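Q: Below is one structure. I have some questions about it.
The values are calculated or read from the model by the stated rules, or taken from the named source; none is laboratory data. Keep in mind it's a predicted model, so treat the numbers as computed, not measured. Glycine gets a Cβ as well: all are built from the backbone with ideal geometry, and neighbour counts include every protein chain shown.
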Amino acid sequence: MIAGVPPPRIGDNMVEQPNQPDKTGKKATIFAVTSGKGGVGKTSLSVNLACEFSRRGYRTIIVDTDLGLANAHILAGIKPAKTLSDYIEGKAELAQIIENGPCKVKFISGGSGVKEMANLDDNGRARICVAIEDLSPFCDVILLDTGAGVSRGVTDFVSMADHTILVTTSNFAAIADAYGIVKVVVQDGYNKPIHCVVNRVRSPEEAEQVFLKLKGCTERFLGFDLNWLGLLPEDSSVEGAVLKRAPFSEVFPGSVAARYLAKLVSGLERFVAGSKSTPQVAKS
Ligand SMILES: Nc1ncnc2c1ncn2[C@@H]1O[C@H](COP(=O)(O)OP(=O)(O)O)[C@@H](O)[C@H]1O
Ligand SMILES: [Mg+2]
């Protein structure tokens, strides 16, 4: 940092009105996108959910919390100059690691190929959680793209979120591992909503069967009720967009995947403060 120059503030790089946190004190809704098994489509979903929220007018930021193995920047077509690794090492302020992503989405990378980040201790992860909370007054939606599995490196971010989006495919191991992460967080005291997305399916019936299987297990063995969010079909546009280093909903807006993505965001929108869709009424 240059002597005499004030450090950048978070809002400098955030929204149309720099430095202006929401006047009503409204905070962002934090969604963690997670899974038990890797490679089920979390990152692709996170980037595209963020783009769709942004297109609908919500100030949106993705934080890639797959620490040390972060790759959301690749799918978003960004080359981050600085990452959470610089922030943790004290080499950058929070405002300096916020990048501009596609569709006006803001973006923070978790650093890739950084062993220290993958092995971050409780204190380091707690600092990242605090940083994420600090972003909250400056945006409407914060999407955390987590790693896979049941380590604290994943569950800490799930625990801090307001809602979890659990991604699975119809692969048996993916379903079993999805159950595994629900079990770990619920046994740890997690009591916020978990919304299921079944990815890469060939029919709505296939997605429904996977969801009912998973829901049946969590209800029976954990006493936890999973919510249905929706599905994403197997679609070559998703892979095609990865090769183009761009969100599929941006480069292939007419694709079947983009159509289903829009339905997922319609299902989530009601949880975002200030949304125009009907707020969910809590049952007494
Ligand atoms: N609906 C889909 N149709 C086709 N390919 C998909 C779909 N969803 C994800 N993929 C592919 O699966 C691979 C893994 O996706 P990714 O988002 O990186 O998974 P994760 O973050 O869970 O490890 C990517 O190559 C992606 O293109
Ligand atoms: Mg990923």
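Q: State which residue is nearest to ligand 1 (Cβ to nearest atom) when the search covers only segment 217-247 and only residues that are under 24 Å from K192 (Cβ atoms), surrounded by fewer than 15 Cβ atoms within 10 Å (Cβ to Cβ) and of a type outside the set (D, E, K, R).
A: Per the stated criteria, the residue is F221.
Q: Given L143, L135, which one is within 16 Å of ligand 1 (Cβ to nearest atom), within 17 Å of K27 (Cα to Cα) and either touching a residue at least 24 places away in the same chain (Cβ under 8 Å) or surrounded by fewer than 20 Cβ atoms within 10 Å (Cβ to Cβ) (or both)?
A: L143
Q: Out of all the residues in segment 137-144, is one or more touching a Phe, Trp or Tyr at 6+ places or on another chain (Cβ under 7 Å) and part of a helix (DSSP H, G or I)?
A: Scanning segment 137-144 turns up no residue that is touching a Phe, Trp or Tyr at 6+ places or on another chain (Cβ under 7 Å) and part of a helix (DSSP H, G or I).
Q: Does at least one position in segment 233-252 carry a residue that is within 16 Å of ligand 2 (Cβ to nearest atom), in contact with a Lys or Arg (Cβ under 8 Å, 6 or more places away or on another chain) and in a strand (DSSP E or B)?
A: No, segment 233-252 has no match at all.
Q: Whether any residue in segment 204-216 is touching a Ser or Thr at 6+ places or on another chain (Cβ under 6 Å), farther than 15 Å from H163 by Cβ and either in contact (Cβ under 8 Å) with a residue 12 or more places away in the chain or buried (at least 17 other Cβ atoms within 10 Å of the Cβ) (or both) is what I want to check.
A: yes
Q: Could you say whether any residue in segment 72-92 is more than 16 Å from ligand 2 (Cβ to nearest atom), modelled with pLDDT of 95 or more and among the polar types (S, T, N, Q)?
A: no
Q: Of the residues in segment 161-188, how many are buried (at least 20 other Cβ atoms within 10 Å of the Cβ), in a helix (DSSP H, G or I) and out of contact with any Gly (no Cβ under 9 Å at 6 or more places or on another chain)?
A: Residues that pass the stated criteria total 1.
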